[in-house]
Amino acid sequence: MSSPRILDRIQGPADVKALAPDQLPQLAQEIRDEIIAVTAKNGGHVGPNLGVVELTLALHRVFDSPADQFVFDVAHQGYVHKLLTGRGGEFFHGLRKTGGASGFLYRAESKHDAFGAGHAGTALSAALGMATARDLRGSPEHVVAVCGDAAFTCGVTLEALNNVVSSTKRLIVILNDNEWSIAKNVGAISTYLNRISTNPTYNKLHHDVEKFFTSFPTGVEMNRVYHKWKRETKDFFVESSLFEKFGLRYLGPVDGHNLEALVKNLEFAKHCDVPVLIHVLTKKGKGLEAAIAHPEKFHGAGPFDPITGESAKSAPGTPPNYQDVFGHALVRFAQANPQVLGITGAMPSGTGLTHLAKEVPGQFFDVGIAEEHAVLFAAGLATKGFRPVCAIYSTFLQRAYDMVIHDVCLQNLPVTFCMDRAGLSPNDGPTHHGLFDIAYLRCVPNATVMQPKDEDELVDMLHTSLQLPGPGFIRYPRGAGTGVKLKAQPAVLPLGQAEVVREGSNVIIWALGPMVQEALKVADRLAAEEGLSVGVVNARFIKPLDKHLLLSQAAGVPLLVTLEDHVVTGGFGSAVLEALQEADCLTPVERIGWPDKFVEHGSSTEILRAAYGLSTDDIVRRIKERAKRLGAAPIEAEV
């Protein structure tokens, strides 16, 4: 009979502190086993969490959460923190599923989650705000920001770094350096950090002298002597740390899997009277060989075999996903035209741009987690006759909104934006749902905004956008397409022209993207159950809207319905209402989309739609009720 797991006894940080030091390696292994088992079943951020097991244990050994506050950048490395703060067991086993633990940190989920996040680069600014508030209030707590090395490619992190010493004297920053964000880190910051962490002369001397100091009885004073030696001698071997130029005391590099070293450095930082940055070196995916060998794949993985690391196989006949269809299409267009370029912000695999990177590497650019720069970079390229394609998730393009307006649309530059994850990203939750892009784009002059009903139309829209004289935006969902066969040659779509998929005389549904298939199902149900003649229009263009078709149909039916995978506030349905109002058309419109709420994570899109009254049954019921109130006549009554 196996001995009980230490992990099962951990109900909060006090239980972590109560363990003997020689119990911690066993707990670390149990945590890794638990993360592998749960993510193998549910999917999730495997590599980032396996890399921070010892670091998170050390934080909870040294500090007192929730009085002391940890701010995790992105928070996709927060699973260990969840397990140590009373969120294990069945709740953790439901990770990223309906009713289970969120895949990120979430203030509403636990008092130990000091700040929620799902986008990179936010931790340092937030932690600095919290530390400054503490100083103004005169309270004693510690604030620790845990930032991945990739976060330092974000402009907002560097903005915060510039303000640290002018705002507080007490802040601890952990630089978790594993050389990866999602893809391999790029740029000068990555090169700089690598130079610090690999300087052989400094690291050997650092190691030898550390052994000398640690041979004495431990304590804060000996740590002070040791770290003072490091600070005074480091510049003989490497240039002064970038972080010290910003006024932070730099400690490290520290082995991020050595609990004793981590605890010593954190204890020292606790007593510093200046802001401190601890440079911690970790191995992304530690404990799972497949994750170490394939860090990009296991950054955020679907279900996999916990022994071999092999991904769960798709069911036979599953259509290719939109991301790969886009990626292959872009390769084709780039090969035909050297002016076509692909740009991503650290998301080559998630956006499908790995295909371009492999086939036409000279026309591929990964700028790191820097969406603002990606858009401005594209704008600069466009001024010189190039046709840049920015592949950025809908939710991440929010970060570059000023650049979209001020630098691209205002100058009417021909930049194409391919906005993956438009609509729900169900397992990831509110930070990743692409539910706001129609509202934030359709108000911008010069923007052409489109959404395809299937993979073939996606290729047509990409081809169309590459011919536009100004900016084009294409939104499309995560995951598998419809399985439609692609045409041999893509078509240029007539600008602002919708497609009538099915004629109808009682109700006409204007649907966007994947909701076209939903509209056809709804139309069949309404015909069978109520005898209603229901037309379906594939809107295709959100801006410019096909007002000619809309107004001609509105003149002949008692009810129009809009169906979109987007919030109704300011969305496609609002665009339809505005067009009708401008034409003094009084035809009623039933707008169906997501409510004015942040939608939580869930096991599937279907479950979340049912929870918010957007299942097929709900849509049919709403249209039935509205049609009856308006007296929309069934087919039999017209004969």
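Does segment 593-605 include one or more residues that are within 29 Å of A528 (Cα to Cα) and either aliphatic (A, V, I, L, M) or assigned by TED's automatic domain parsing to the domain that holds G429 (or both)?
no
Give me the residue from segment 418-470 that is free of Cβ contacts under 8 Å to residues at least 40 places away in the same chain and touching a helix residue (DSSP H, G or I) at 6+ places or on another chain (Cβ under 7 Å) and, out of that set, surrounded by the fewest Cβ atoms within 10 Å (Cβ to Cβ).
Applying the filter and picking the extreme gives P445.
What pairs come out if I take residues in segment 125-147 that are of a type in the set (D, E) and pair them with residues that are at pLDDT 95 or above and loosely packed, with under 15 Cβ neighbours inside 10 Å whose C-beta lies under 6 Å away, six or more apart or interchain?
What qualifies is E141/A67.
Could you tell me whether any residue of segment 311-328 is out of contact with any Asp or Glu (no Cβ under 7 Å at 6 or more places or on another chain), at pLDDT below 95, part of a helix (DSSP H, G or I) and not basic (K, R)?
Taking every residue of segment 311-328 in turn, none turns out to be out of contact with any Asp or Glu (no Cβ under 7 Å at 6 or more places or on another chain), at pLDDT below 95, part of a helix (DSSP H, G or I) and not basic (K, R).
Being hydrophobic (A, V, I, L, M, F, W, C) and more than 17 Å from G44 (Cβ to Cβ), is that true of even one residue in segment 95-104?
no
Examine segment 511-529 for a residue that is surrounded by fewer than 21 Cβ atoms within 10 Å (Cβ to Cβ) and on the phi > 0 side of the Ramachandran plot, and state whether such a residue exists.
No, that holds for no residue.
Any residue in segment 359-369 that is surrounded by 18 or more Cβ atoms within 10 Å (Cβ to Cβ), in a helix (DSSP H, G or I), outside the structural domain of F152 (by TED's automatic domain parsing) and not β-branched (V, I, T)?
yes
Among the residues of segment 370-397 satisfying the criterion of being among the small types (G, A, S) and buried (at least 21 other Cβ atoms within 10 Å of the Cβ), which is farthest from L424 (Cα to Cα)?
Per the criteria, the residue is A382.
If I ask for residues that are surrounded by 16 or more Cβ atoms within 10 Å (Cβ to Cβ), at pLDDT below 95 and of a type outside the set (A, V, I, L, M), which ones from segment 149-171 would you list?
D149, F152, T153, C154, T157
I'd like to verify a number: residues in segment 552-608 that are in contact with a strand residue (DSSP E or B) (Cβ under 8 Å, 6 or more places away or on another chain) and of a type in the set (K, R), how many?
The total comes to 1.
If you take the residues in segment 51-71 that are in contact with a strand residue (DSSP E or B) (Cβ under 8 Å, 6 or more places away or on another chain) and either part of a helix (DSSP H, G or I) or among the charged types (D, E, K, R) (or both), which one is surrounded by the most Cβ atoms within 10 Å (Cβ to Cβ)?
L59
Tell me, please, whether a residue that is within 28 Å of A382 (Cα to Cα) and in a loop (DSSP other than H, G, I, E, B) can be found in segment 448-456.
yes
Would you say T39 is closer than 24 Å to E260 by Cβ, hydroxyl-bearing (S, T, Y) and in a helix (DSSP H, G or I)?
No.
What pairs come out if I take residues in segment 292-320 that are more than 11 Å from V46 (Cβ to Cβ) and pair them with residues that are surrounded by 12 or more Cβ atoms within 10 Å (Cβ to Cβ) and of a type in the set (F, W, Y) whose C-beta lies under 7 Å away, six or more apart or interchain?
Pairs that qualify, where the first residue is more than 11 Å from V46 (Cβ to Cβ) and the partner is surrounded by 12 or more Cβ atoms within 10 Å (Cβ to Cβ) and of a type in the set (F, W, Y), are E310/F304; S311/F304; A312/F304.
Is there a residue in segment 493-506 that is in contact with an Asp or Glu (Cβ under 9 Å, 6 or more places away or on another chain) and modelled with pLDDT under 95?
no
Considering only segment 331-341, how many residues are of a type outside the set (A, V, I, L, M) and either at pLDDT below 95 or touching a His at 6+ places or on another chain (Cβ under 9 Å) (or both)?
Count: 1.
Out of segment 115-148, which residues are surrounded by fewer than 24 Cβ atoms within 10 Å (Cβ to Cβ) and either part of a loop (DSSP other than H, G, I, E, B) or modelled with pLDDT under 95 (or both)?
F115, G116, A117, G118, H119, G138, S139, P140, E141, H142
Please work out which one of (1) modelled with pLDDT under 95; (2) more than 13 Å from A114 (Cβ to Cβ) is the condition G89 fails and give its number.
Going through the list (1) modelled with pLDDT under 95; (2) more than 13 Å from A114 (Cβ to Cβ), G89 breaks only (1).
Give the residue that is farthest from P477 (Cα to Cα), with candidates limited to residues of segment 613-626 that are surrounded by 16 or more Cβ atoms within 10 Å (Cβ to Cβ) and without any contact (Cβ under 8 Å) to a residue 60 or more places away in the chain.
Once the filter is applied, the top-ranked residue is R622.
For the condition surrounded by fewer than 17 Cβ atoms within 10 Å (Cβ to Cβ) and either at pLDDT below 95 or not assigned by TED's automatic domain parsing to the domain that holds R96 (or both), what is the one hit in P4, P48, P25?
Only one candidate qualifies: P4.
Please go through (1) buried (at least 22 other Cβ atoms within 10 Å of the Cβ); (2) among the polar types (S, T, N, Q); (3) farther than 26 Å from P48 by Cβ for T351 and return the number of the only condition it doesn't satisfy.
(3)
Search segment 281-310 for residues being not in a loop (DSSP other than H, G, I, E, B) and not acidic (D, E), and hand back the single one that is farthest from G148 (Cα to Cα).
F304
Can you give me the number of residues within segment 79-115 that are of a type in the set (A, V, I, L, M, F, W, C), in contact with a helix residue (DSSP H, G or I) (Cβ under 9 Å, 6 or more places away or on another chain) and touching a residue at least 40 places away in the same chain (Cβ under 8 Å)?
Qualifying residue count for the region: 7.
Name the one entry in H601, H566 that is of a type outside the set (A, V, I, L, M, F, W, C), modelled with pLDDT of 95 or more and either surrounded by fewer than 17 Cβ atoms within 10 Å (Cβ to Cβ) or part of a loop (DSSP other than H, G, I, E, B) (or both).
Exactly one residue qualifies, and that residue is H601.
The values are calculated or read from the model by the stated rules, or taken from the named source; none is laboratory data. As the structure is a prediction and not an experimental result, all values here were calculated from the model. We place every Cβ from the backbone using ideal geometry, glycine too, and count neighbours over all the protein chains shown.
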